[in-house]
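Everything on this sheet refers to the single structure shown next.
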Amino acid sequence: CSCCGGTIAPGARYTVHFSVMDGAPCAEKMCGPCGADRGEFVYAHGGMIPTPGSFLDMLAHCVEEDEESEERWKPMLESILARLRTGEGG
């Protein structure tokens, strides 16, 4: 998973994100748990879709931004960081 760094198990559902930025193509995979977290975050922020590799930084920035964001998004950030530490994606 390009977000949490965990291994995506064979047969597990995951998301493939493909984008082109400044003419350079990029393809990243995102495990199911990170994909679900990103979906919730995107819905709450009006459709702004971060790449799997940038989602963790965007989420951390949101948590640092203000108390309301911290209260809502900190548990999600901590969950992703726990997967990052253990290497257990979806």
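The values are calculated or read from the model by the stated rules, or taken from the named source; none is laboratory data. Everything numeric in this text was worked out from a predicted model, so none of it was measured. Glycine gets a Cβ as well: all are built from the backbone with ideal geometry, and neighbour counts include every protein chain shown. In case anyone asks, the SASA skips ligands and DNA or RNA and just uses the protein heavy atoms, side chains included. Shrake-Rupley method; radii C 1.70, N 1.55, O 1.52, S 1.80 Å.
A few notes on this one:
- Scanning the stretch 45-60 for residues that are at pLDDT below 90 and either small (Gly, Ala, Ser) or part of a helix (DSSP H, G or I) (or both) turns up Gly46, Gly47.
- Enumeration of residues in the stretch 65-90 that are open to solvent by 40 Å² or more (accessible area, probe 1.4 Å), of a type in the set (D, E, K, R) and modelled with pLDDT under 90: Glu65, Asp66, Glu67, Glu68, Glu70, Glu71, Arg72, Arg85, Glu88
- Residue among Cys34, Cys1 that alone is surrounded by 14 or more Cβ atoms within 10 Å (Cβ to Cβ), modelled with pLDDT of 90 or more, of a type outside the set (Asp, Glu) and part of a loop (DSSP other than H, G, I, E, B): Cys1
- Any chance Glu28 is part of a strand (DSSP E or B), touching a helix residue (DSSP H, G or I) at 6+ places or on another chain (Cβ under 8 Å) and not aliphatic (A, V, I, L, M): yes
- Qualifying positions in the stretch 21-31 - open to solvent by 90 Å² or more (accessible area, probe 1.4 Å) and more than 28 Å from Glu88 (Cα to Cα): Met21, Asp22
- Residue identified as open to solvent by 30 Å² or more (accessible area, probe 1.4 Å) and either charged (D, E, K, R) or in contact (Cβ under 8 Å) with a residue 60 or more places away in the chain (or both) among Tyr43, Tyr14: Tyr14
- Any hit, the stretch 47-58, residues being on the phi > 0 side of the Ramachandran plot, without any contact (Cβ under 8 Å) to a residue 40 or more places away in the chain and open to solvent by less than 50 Å² (accessible area, probe 1.4 Å): yes
- Looking across the stretch 9-23, the residues that are of a type in the set (Gly, Ala, Ser) and in contact with a Gly (Cβ under 8 Å, 6 or more places away or on another chain) come down to Ala9, Ala12.
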